[in-house]
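Just dropping this structure here.
The values are calculated or read from the model by the stated rules, or taken from the named source; none is laboratory data. In this text, all values refer to a predicted model and were calculated from it rather than measured experimentally. With ideal geometry, Cβ positions are generated from the backbone for all residues, glycine too; neighbour counts draw on all protein chains shown.
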Amino acid sequence: MIWLMKLSGLFSAAMVMIVLAPALQSFPPAEAIRSSHLDFYLRLPVDTASSRSLNRFSFRKASTFRNAGQCGGGDSRLSGKFGVCDPNLVHVAITLDVEYLRGSVAAVNSILRNSLCPESVFFHFLVSDTSLEDFVRSTFPQLNFKVYYFDPETVRNLISTSVRQALEQPLNYARNYLAGLLESCVKKVIYLDSDLILVDDIRKLWTTNLGEWTIGAPEYCHANFSKYFTARFWSDERFFGTFAGRKPCYFNTGVMVIDLVKWRNGGYTEKIEWWMKLQKSNRIYELGSLPPFLLVFAGNVATIEHRWNQHGLGGDNVRGSCRDLHPGPTSLLHWSGSGKPWLRLDSKQPCPLDALWSPYDLYGNSG
C-alpha cells in the first residue's frame, strides 16, 4: 500500500508539470497558529559564523540565459550590464539570508529562466551581511544586481513576538524600507519572498497598472480578515476604526508591486512603524510583518491576478502539510507556511508540488 501511495504522489507531480501552464488560483491564507517547536526545521544547518560558513554551501553556477533576440521592446543590447537608472529595467527586490539562501537562489534562477529578456532584470538584494555579495557574483556571474545593507537595529526594538520565531527576524521587515534603501531613480519595484518560483515572464507582472494606488498585490476577499488581528484590536474603535471607509481584504506581502514615488511621498515607512510601536504596547496582532501592511494598505490595493501568487504551498504554521493545486492559470508558486520545498526534498519526504521547485535548485548536485 505504501509503495502505491508514493507512486500516486509521483504521478500527480508529473501530471502537474505537464499541465502547469493552466495551473491554478491561490489558496486562502492558513490561519495563524502560535508555535515554535518546528522552527528548527526552517533553518539550514550553518555554522554560527553565518556568512563566513558559506563554504558549507555547494551551489552550482547558474547558466547564462539569452532567451530572446531583442530586449525591452526593440533594445538589442545583449551584452554588457544596464545601469540601475536605465528606464528599460525591471526592478526586483529580494532578501538574502544564509538560512534561506537556497530558496532565494532558486527564485532568482526561475526569474532568469522564464524571462523573455533576463538581461533587463535588475536585482536589488537586501542583506544584513554584505559578504553575501561575493557569493552572488560567483553563482550568477552575468547578473545585473546591487547589494543593500539593512541594519537589523533599525527594527530590533519594533519587532514583537510572532506565531513563529522565523517571522521575527529583522530582515523580514526590510521590505518596509525599500523606498529609502533604493536609488531615487528607481520609481517602481517588485518585492518577492525567498520561498517562491516564477514560471512566467516577470515583465508581465512589472507592467501592472497600479492606477492611484501605492502597491499592487493579489487580494483574497473570501478570507476571514478578522483572524489577522486580536480580540483587543476588534474591541477598540481607536484600532479597528482605521478601516472606516475601506473594504479591507487579505493580501500576501510576499509578492507586491510597489510605486516607490507614491510610497516616498506618502511617508508609508513611518506609518507602518507607527503600527509596530502600537503593537508593542497593545498586542493587536500575532503574525509578524504582515498585519502592519494590512493596517496601512488593505482596501487600497491595486488588484493583481491570483496567478501571480499561488501562496500557502508550505502548509500551515505548525504542520507544514502538503497542498494541492487549485484550478486556473498560474505564473508564480509560493511556499509560504512552515514547509519549505528544499527541506522536504532533503528529508526524503517531499510533497508532490515540491517537484516543481526542484528544477530551479542550484544547491549541490540537485536539479
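If I ask for residues that are under 26 Å from residue 171 (Cα atoms) and either modelled with pLDDT under 70 or touching a helix residue (DSSP H, G or I) at 6+ places or on another chain (Cβ under 8 Å) (or both), which ones from the range 70-90 would you list?
89, 90
Further question: Which count do you get for residues in the range 98-116 that are part of a loop (DSSP other than H, G, I, E, B) and surrounded by fewer than 22 Cβ atoms within 10 Å (Cβ to Cβ)?
So the count comes out to 1.
Kindly indicate whether any position in the range 287-296 is surrounded by fewer than 18 Cβ atoms within 10 Å (Cβ to Cβ), modelled with pLDDT under 95 and closer than 23 Å to residue 108 by Cα.
Among the residues of the range 287-296, not one is surrounded by fewer than 18 Cβ atoms within 10 Å (Cβ to Cβ), modelled with pLDDT under 95 and closer than 23 Å to residue 108 by Cα, which makes the answer no.
Return the only residue of 211, 241 being under 30 Å from residue 120 (Cα atoms) and either out of contact with any strand residue (DSSP E or B) (no Cβ under 8 Å at 6 or more places or on another chain) or not polar (S, T, N, Q) (or both).
The match here is 211.
In the range 320-346, which residues are more than 17 Å from residue 199 (Cβ to Cβ), outside any loop (DSSP other than H, G, I, E, B) and not basic (Lys, Arg)?
342, 343, 345, 346
For residue 284, which of the numbered conditions (1) closer than 30 Å to residue 328 by Cα; (2) outside any helix (DSSP H, G or I); (3) aliphatic (A, V, I, L, M) fails to hold?
(1) is the only condition that residue 284 fails.
Would you mind listing the helices (runs of 4 or more DSSP H) fully within the range 216-277 where at least 2 residues are surrounded by 14 or more Cβ atoms within 10 Å (Cβ to Cβ)?
Helices (runs of 4 or more DSSP H) meeting the threshold: 237-240, 260-266.
Kindly indicate the residue of the range 216-259 that is aromatic (Phe, Trp, Tyr) and closer than 28 Å to residue 104 by Cα and also farthest from the chain's Cα centre (by Cα) among those meeting that condition.
My answer is 228.
Then there's this: Among the residues of the range 301-317, is any surrounded by fewer than 22 Cβ atoms within 10 Å (Cβ to Cβ), of a type in the set (Lys, Arg) and at pLDDT below 95?
Checked the range 301-317: no residue is surrounded by fewer than 22 Cβ atoms within 10 Å (Cβ to Cβ), of a type in the set (Lys, Arg) and at pLDDT below 95.
Residue 356: closer than 22 Å to residue 109 by Cα, of a type outside the set (Phe, Trp, Tyr) and not in a loop (DSSP other than H, G, I, E, B), yes or no?
In short, yes.
Which members of the range 79-109 meet the condition of being among the small types (Gly, Ala, Ser) and in contact (Cβ under 8 Å) with a residue 60 or more places away in the chain?
Residues satisfying the conditions are 93, 103, 104, 106, 107.
Please determine, by comparing only the residues of the range 178-192 that are closer than 18 Å to residue 209 by Cβ and assigned to a strand (DSSP E or B), which one is nearest to the chain's Cα centre (by Cα).
191
For the range 277-296, which residues satisfy the criterion of being more than 20 Å from residue 196 (Cβ to Cβ) and either out of contact with any helix residue (DSSP H, G or I) (no Cβ under 7 Å at 6 or more places or on another chain) or of a type in the set (Phe, Trp, Tyr) (or both)?
Scanning the range 277-296 gives 277, 278, 279, 280, 281, 285, 286.
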